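Heads up: the structure comes next, in structure tokens.
The values are calculated or read from the model by the stated rules, or taken from the named source; none is laboratory data. Small disclaimer: the values here were computed from a predicted structure and weren't measured. Methodologically, a virtual Cβ is constructed for each residue, glycine included, from the backbone with ideal geometry; neighbour enumeration extends over all protein chains shown.
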Amino acid sequence: MTDTPLAPTPIPLDSAGARDLRRYARAVLQLDVSDFENAGSLRAKIRAAAPDTQAIVPEQDGVLAEHGVLAEDSAPAQGDLAAAPGAADGGDMDGYLRILIPRQEKHGGGDPVPVNCNGRQIIVPRGREWPVKRKFVEILSHAVERQYSVTLNPHTREAEMTSHDVQAYPFQILGPWAGPLPAEMTGSTSGGAR
């Protein structure tokens with residue numbers, strides 16, 4: 001009996017992680033995406049480029065399955081949570097990453113961002129680098145909000161409403177936190193909870 005490798009199982013677009021989404025966007029759709037974009041932002045770009053995409057095929061054995069893209073063409077991104085420090089051996093979810101949540105031009109876009117994990121809340125300030133434990137970064141990467149847009153169909157002259165999910169709090173992973181924690185992190189609800 002010969003060992004035949006199993007075909008990779010497609011991952012639903014809404015369940016795929018940033019690493020697989022980034023590789024798919026670059027290799028299959030030829031999109032120019034940043035190493036620091038999170039899953040919500042990548043999903044939005046994939047949906048804009050290929051609206052019918054429901055699932056992606058993950059990398060298997062160094063090749064992005066069915067597309068013949070070598071692994072070195074889609075190396076893990078520095079800002080990818082899966083490639084961040086502690087990712088080997090399951091990841092140290094209590095390790096700190098250095099993130100930046102920029103201010104946004106919308107109501108509340110300058111307010112600090114609350115993030116909850118297992119009954120614990122942290123507050124992450126916007127507009128400055130901040131240490132946040134990996135487990136909170138993972139939760140932050142899944143925070144999405146639905147946006148609606150109305151367009152006029154030029155053929156029917158009727159208004160059409162569409163919706164799409166976008167990252168609620170776009171952020172960048174800048175790397176591991178390599179210094180002492182900020183003095184503001186002494187309280188139980190301050191950013192980066194112990």
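Could you list, in sequence order, all residues of the stretch 17-38 that are hydrophobic (A, V, I, L, M, F, W, C) and either outside any loop (DSSP other than H, G, I, E, B) or touching a residue at least 60 places away in the same chain (Cβ under 8 Å) (or both)? Of everything in the stretch 17-38, those that are hydrophobic (A, V, I, L, M, F, W, C) and either outside any loop (DSSP other than H, G, I, E, B) or touching a residue at least 60 places away in the same chain (Cβ under 8 Å) (or both) turn out to be Ala18, Leu21, Ala25, Ala27, Phe36. Within the stretch 118-126, identify whether any single residue is touching an Asp or Glu at 6+ places or on another chain (Cβ under 9 Å) and either among the small types (Gly, Ala, Ser) or at pLDDT 80 or above (or both), and answer yes or no. Yes, because at least one residue in the stretch 118-126 is touching an Asp or Glu at 6+ places or on another chain (Cβ under 9 Å) and either among the small types (Gly, Ala, Ser) or at pLDDT 80 or above (or both).
Only one entry in Ala168, Ala178 is out of contact with any Ser or Thr (no Cβ under 8 Å at 6 or more places or on another chain), under 27 Å from Asn38 (Cα atoms) and loosely packed, with under 10 Cβ neighbours inside 10 Å, namely Ala178.
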